[in-house]
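Notes for the one structure printed next.
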Amino acid sequence: MADLKLPRLNKFIVSGRIGNELELKYTAKGTPVLRFVIANDRRYKDDSEQWQTVTSWIDCVAWNRWAESMANNASKGSAIIVEGRVDTRNWTDQNNANRKSTEVTVDMVHFLEWKPRDGQAMEHEELPMPDEEMAGPKATADDLPF
């Protein structure tokens, strides 16, 4: 049987509201990091045909410019869309027990609301764009199939 070549795909997209206070931190090397939780609601009808809501709390981590941008432009309760990848970490805790966590590593954040700064009028900050090489090739009219 021939080896099956699978694509290496790990893409996660979720919308919701930030569920915790944001605290920008820095690693020992000075890299900005921001850990947050996003609350995503899903509605469904139960057995008695009544609408119910279930909330999933998803752990996320933003690094570098996205960490700084979120700290400057969002707060607890802000509506956002997060694009990223699912990562799993293994470690040993203080009691020498093996632990495992799964979180979304942020590739991009779409801010759906803006937080006011110190009671001033809302002001939009220039948001970072993805790196040119990550944006993909530029399409021209000759590339379109119609």
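Some points to look at:
- Inter-residue pairs, beta-carbon under 6 Å, first among the charged types (D, E, K, R) and in the stretch 23-42, second assigned to a strand (DSSP E or B), 6+ apart: K25/V33; R35/V61; D41/T53; D41/T55; R42/V54
- Any chance S56 is of a type in the set (S, T, N, Q), surrounded by fewer than 16 Cβ atoms within 10 Å (Cβ to Cβ) and closer than 16 Å to H110 by Cα: no
- From the list V33, V37, the one residue that fits, being surrounded by 10 or more Cβ atoms within 10 Å (Cβ to Cβ), touching a helix residue (DSSP H, G or I) at 6+ places or on another chain (Cβ under 9 Å) and part of a strand (DSSP E or B), is V33.
For every residue, the table says whether it meets (1) on the phi > 0 side of the Ramachandran plot; (2) free of Cβ contacts under 8 Å to residues at least 24 places away in the same chain; (3) not in a strand (DSSP E or B).
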residue: Y44; (1), (2), (3): no, yes, no
residue: S48; (1), (2), (3): no, yes, yes
residue: Q52; (1), (2), (3): no, yes, no
residue: T55; (1), (2), (3): no, yes, no
residue: D59; (1), (2), (3): no, no, no
residue: K76; (1), (2), (3): no, no, yes
residue: V82; (1), (2), (3): no, no, no
residue: R85; (1), (2), (3): no, no, no
residue: W91; (1), (2), (3): no, yes, no
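- Per the listing A74, A39, the residue uniquely in contact with a Lys or Arg (Cβ under 7 Å, 6 or more places away or on another chain), within 20 Å of S101 (Cβ to Cβ) and hydrophobic (A, V, I, L, M, F, W, C) is A39.
- Evaluation of N73 against (1) at pLDDT below 95; (2) more than 19 Å from L112 (Cβ to Cβ) (one fails), failing number: (2)
- Answer residue from the stretch 1-20, given it is loosely packed, with under 15 Cβ neighbours inside 10 Å and charged (D, E, K, R) and is nearest to V54 (Cα to Cα) among those: K11
- Subset of the stretch 96-110 that is of a type outside the set (A, V, I, L, M, F, W, C) and loosely packed, with under 10 Cβ neighbours inside 10 Å - its residue that is nearest to V37 (Cα to Cα): K100
- Matching entry among E68, E113 (being outside any strand (DSSP E or B) and touching a Pro at 6+ places or on another chain (Cβ under 7 Å)): E68
The values are calculated or read from the model by the stated rules, or taken from the named source; none is laboratory data. Because the structure is a prediction, the values reported are computed rather than measured. Counting neighbours? That spans all protein chains shown, and the Cβs are built from the backbone with ideal geometry, glycine included.
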